[in-house]
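Trainee: Please find one structure pasted underneath; my questions will follow.
A short reminder: the numbers here are calculations on the coordinates, not readings from a lab. It should be emphasised that the depicted structure is a prediction, and the values quoted were computed from it without experimental measurement. With ideal geometry, Cβ positions are generated from the backbone for all residues, glycine too; neighbour counts draw on all protein chains shown.
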Amino acid sequence: MKATFKVTLAHDPKMIALSNMPIIKTYMKDGFQYDDFKRTVKMPTYLLAFVVCDFENITATTESGVKVRDVNSDTITTIATTNYSNYYY
C-alpha cells in the first residue's frame with residue numbers, strides 16, 4: 001500500500017531538519033523552529049525519512065535541477081553524490 005505524507009518537524013533552531021521533500025515553510029513558535037515539508041509523492045511507508053541533527057552540510061544542484069545535500073564536505077563524496085543524482089533523476 002502506498003500513500004502521500006505531509007511532514008512537519010519541530011526542532012531546536014540550532015539544528016537542521018531534513019526529509020524526503022524540500023521545506024516549503026519555516027516558522028518559530030514557543031522557542032522551536034517548525035519546518036513544513038512539501039507533500040511527498042505516493043510511496044510505501046518504509047521510504048519516509050526524516051532527520052534532525054546538528055551536522056554542517058553543503059548543498060548543490062544537479063544539471064537536471066535536483067537539489068542535493070551532503071553532510072560531508074569532502075569533495076569526493078560531493079562529486080559522487082552529484083553524479084548519482086544526475087544518473088537517476
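Trainee: If the label point is 7 Å along Cα→Cβ of Asp36, which residues in the range 8-25 have backbone nitrogen under 15 Å from it?
Mentor: Once the point is set 7 Å along Cα→Cβ of Asp36, 8-10, 22-25 turn out to lie under 15 Å by backbone N, inside the range 8-25.
Trainee: Continuing with this model, one more query. Neighbour counts of other C-beta atoms within 10 Å: give me Phe37, Phe55 arranged from fewest to most. Don't skip to the end; give the middle numbers.
Mentor: Working: Phe37 20, Phe55 12.
By the 10 Å Cβ count, ascending: Phe55, Phe37.
Trainee: Which net charge results for the neighbourhood of Asp54, defined as the other residues with beta-carbon distances under 13 angstrom from its beta-carbon, given Lys and Arg at +1 and Asp and Glu at -1? Provide the component values of the computation, followed by the final result.
Mentor: Working: positive: Lys14; negative: Asp12, Glu56.
Charge balance near Asp54 sits at -1.
Trainee: Reachable lysines from Lys2, Cα under 20 Å, same-chain residues fewer than 8 places away excluded?
Mentor: Counting by Cα, and skipping residues close in sequence, Lys2 has these lysines nearby: Lys38, Lys42.
Trainee: Add +1 for every Lys or Arg and -1 for every Asp or Glu among the other residues with Cβ under 12 Å from the Cβ of Ala10, and state the total. Write down the numbers at each step before the final one.
Mentor: Working: positive: Lys29; negative: Asp12, Asp30, Asp35, Asp36.
Around Ala10, the charge tally is -3.
Trainee: List the relative contact order of the range 1-54 as a percent without decimals, with contacts defined as Cα pairs under 8 Å and 6+ residues apart. Spell out each step's value before the answer.
Mentor: Values: 103 pairs, mean separation 26.2, N = 54.
Dividing the mean separation by the residue count of the range 1-54 yields 48 percent.
Trainee: In whole Å, what are the extents of the range 17-63 along the principal axes defined by its C-alpha atoms, from largest to smallest?
Mentor: That works out to 33, 26, 18 Å along the principal axes.
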